[in-house]
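The values are calculated or read from the model by the stated rules, or taken from the named source; none is laboratory data. As the structure is a computational prediction, the values presented were derived from the model and not from experiment. Positions of Cβ are backbone-derived with ideal geometry, glycine not excepted, and every protein chain shown enters the neighbour counts.
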């Protein structure tokens, strides 16, 4: 047995849920290993593929265990047990190994090993067993009586059934014989028929179960061979039917998982092919930073850069990068390894290897459980770009320093960089020409020559700059011409202004005297208006009292009218009552007359009643007469009351008109009082304004004297300015001698500007004097 050394006591624990998978041929040579197995073993993929499986065997594992493994595999049986494996560094890790032969067309094609993380109890039991195996105190399989019992318990199913059937059949045959000896043929026939029926049914049942087992075993082997379209009876209603349906469900699920795995593999293959053909340089490394993938572009890049990289890393070999460690790119790999080992986000860095400038961008690769399973690195060879950047930086620094003679070489440039370099050279040419033209024009301007313009053709901002400079020169020509003319005009005008200021000072003194007289008159007027305002206020109070008395009289008349209306209504009611009394008297008279007639008919018996009737009639007549007289008197009273009511109504209307008139008078008086107050305030303001005018007039006189002195100084300054402006050469005076130019400017000031500017001044001055005289007359009249 191969012994792998050295070994350590450090255990590497498998993560829960991790599955280690390897495939070997029939001789135990590894043909496939998944990334989890490669990572935990510590070997590279190239070191594992093609090596015998005992490369990971730990010396503590007994040879009997592996002998038992190969015995089971050669017999076509799977094998499972805890196994202690060794890593490349000598550390160890425990796995629950499950090894099974893989059948293809009924023959063993290869061996498949699937390993899980064992429990600590399994590890403890395995350590105890393997220690005994190494000491020859135990065996992998039972021996002696235990082995015999195990062998008997594992005999074929038909043999077990035959033994059970014989045990069951012997008592039955004995009973049939007893019935035959006793000549109980009926019971014998019954026992014999039942035994025959039971035997047939038992055979059919056992045969059905065995056929189901054989069919299920065949289906399982075919599914292991990736054949998932096996015909299974799903309509059977017994327990075997349940088993078939469960087996069918497992077949469908495995077929679905296989389809999904193929889809994932197809997608992964498409991604790999895409990465193989992209222009970006892509490299993938596992958690040990061993390179497990490189696309074509990154391989070509390292092939091209190999000579430069070897200047710093002499052992660098671009053809053997796949499977190598990424540490070879760094002088201090420990620092980079620590960065990448703790990488949880994008990491960018720049490397200088030999004469090559490399940029790398590293990102962690994670599985569905968010566990990091590797690192993907993008490489970018920026050597050529850096060289161009340095050239561009040199040009930029030169331009910033004012050196515009440098240019970028175009011989080694292609594509974008060639166009960029051409553009920068053209830009430098344009900038140099622009500043050359600007410098020439500025030098001419400094020498006093305003005729040198920029005539070169430019575009964009440079065209705007050219137009602005030319426009500035044109504007300066115009400004200096106008300033020269204005200076001569100011020189002449300042003398006229001084003379005018003297006249203005005299008129201001005269106006101040007039304003003093006006102020005295305004004070007297203010006193008179104030007295009028006080009298108007008293008249307003009297009018308000009269208005209140008139309103009270109107209210009294209204009350009298209401009382007369009530008396009239009461008189009408009394007249109605007397009318009722008159009617009652008339009816009583008729009744008394009827009573007298009846008493006359009665004779002596009715004489007393006749006397009473006569008296009643007399009273009725007297009552009627009194009622008639009362009615006449009341009617006369009603007529007099009505006449009095009408008189009172007329009186009320008259008083109402009086009240309205008094109100109007009061309102007019109030308006007069308000107007008097406003007039008094306005005259006070006018008085104040006159005082301010007096003060301002005195200030104006002082300012006029100051303006006269300033105009004299301005005349001297304008003379100096004319002499200074003679320094500049403009288009209008180009080629003239400075003295002739000054004479020309003086003549121009005296002719055209004098006509255009001084003419309005001569017109405005008499108007000003006229207004002053008119104003003085108005103030004196006022």
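Against the test of being assigned by TED's automatic domain parsing to the domain that holds residue 714, at pLDDT below 75, over 30 Å from residue 441 (Cα atoms) and surrounded by 15 or more Cβ atoms within 10 Å (Cβ to Cβ), the options 499, 571 yield a single qualifying residue, 571.
Here the condition is being surrounded by 10 or more Cβ atoms within 10 Å (Cβ to Cβ), without any contact (Cβ under 8 Å) to a residue 12 or more places away in the chain and not assigned by TED's automatic domain parsing to the domain that holds residue 58; of 131, 182, it holds for 182 alone.
Confirm whether residue 138 is surrounded by 13 or more Cβ atoms within 10 Å (Cβ to Cβ), farther than 20 Å from residue 73 by Cβ and touching a helix residue (DSSP H, G or I) at 6+ places or on another chain (Cβ under 9 Å).
Working: surrounded by 13 or more Cβ atoms within 10 Å (Cβ to Cβ): yes; farther than 20 Å from residue 73 by Cβ: yes; touching a helix residue (DSSP H, G or I) at 6+ places or on another chain (Cβ under 9 Å): yes.
Answer is yes for this residue.
Just checking, which of 528, 472 is without any contact (Cβ under 8 Å) to a residue 12 or more places away in the chain and more than 30 Å from residue 678 (Cβ to Cβ)? Walk me through it before giving the result.
Details: 528 fails: more than 30 Å from residue 678 (Cβ to Cβ).
Every option except 472 fails the conditions.
One line per residue, one yes/no per condition, for (1) modelled with pLDDT of 80 or more; (2) under 30 Å from residue 66 (Cβ atoms):
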| site | (1), (2) |
| --- | --- |
| 156 | no, yes |
| 165 | no, no |
| 182 | yes, no |
| 185 | yes, no |
| 196 | yes, no |
| 199 | yes, no |
| 203 | yes, no |
| 207 | yes, no |
| 213 | yes, no |
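Only one of the numbered conditions (1) modelled with pLDDT of 90 or more; (2) within 30 Å of residue 375 (Cβ to Cβ); (3) in contact with a helix residue (DSSP H, G or I) (Cβ under 6 Å, 6 or more places away or on another chain) is not met by residue 82, and that is (2). Within the stretch 511-523, residues that are in the same structural domain as residue 696 (by TED's automatic domain parsing) and surrounded by 13 or more Cβ atoms within 10 Å (Cβ to Cβ) sit with their Cβ atoms under 8 Å from residues that are outside any helix (DSSP H, G or I) and at pLDDT below 75, at 6+ positions apart or across chains, in these pairs: 518/782; 521/782. Within the stretch 554-566, identify whether any single residue is closer than 30 Å to residue 674 by Cβ and in the same structural domain as residue 676 (by TED's automatic domain parsing), and answer yes or no. Taking every residue of the stretch 554-566 in turn, at least one turns out to be closer than 30 Å to residue 674 by Cβ and in the same structural domain as residue 676 (by TED's automatic domain parsing). Restricting attention to the stretch 374-393, the residues that are out of contact with any helix residue (DSSP H, G or I) (no Cβ under 7 Å at 6 or more places or on another chain) and assigned to a strand (DSSP E or B) add up to 5.
Can you confirm whether residue 64 is in the same structural domain as residue 125 (by TED's automatic domain parsing), part of a helix (DSSP H, G or I), touching a helix residue (DSSP H, G or I) at 6+ places or on another chain (Cβ under 7 Å) and closer than 16 Å to residue 141 by Cα? Yes: the conditions hold for residue 64. Taking first residues from the stretch 640-667 that are on the phi > 0 side of the Ramachandran plot and partners that are surrounded by 13 or more Cβ atoms within 10 Å (Cβ to Cβ) and part of a helix (DSSP H, G or I), no Cβ contact under 6 Å between residues at least 6 apart in sequence or on separate chains turns up. When the stretch 48-71 is examined, which residues are found to be farther than 21 Å from residue 94 by Cα and surrounded by 13 or more Cβ atoms within 10 Å (Cβ to Cβ)? Answer for the stretch 48-71, where residues must be farther than 21 Å from residue 94 by Cα and surrounded by 13 or more Cβ atoms within 10 Å (Cβ to Cβ): 49, 71. Of the residues making up the stretch 433-462, those that are surrounded by 14 or more Cβ atoms within 10 Å (Cβ to Cβ) and assigned to a helix (DSSP H, G or I) are 433, 434, 437, 438, 441, 444, 445, 462.
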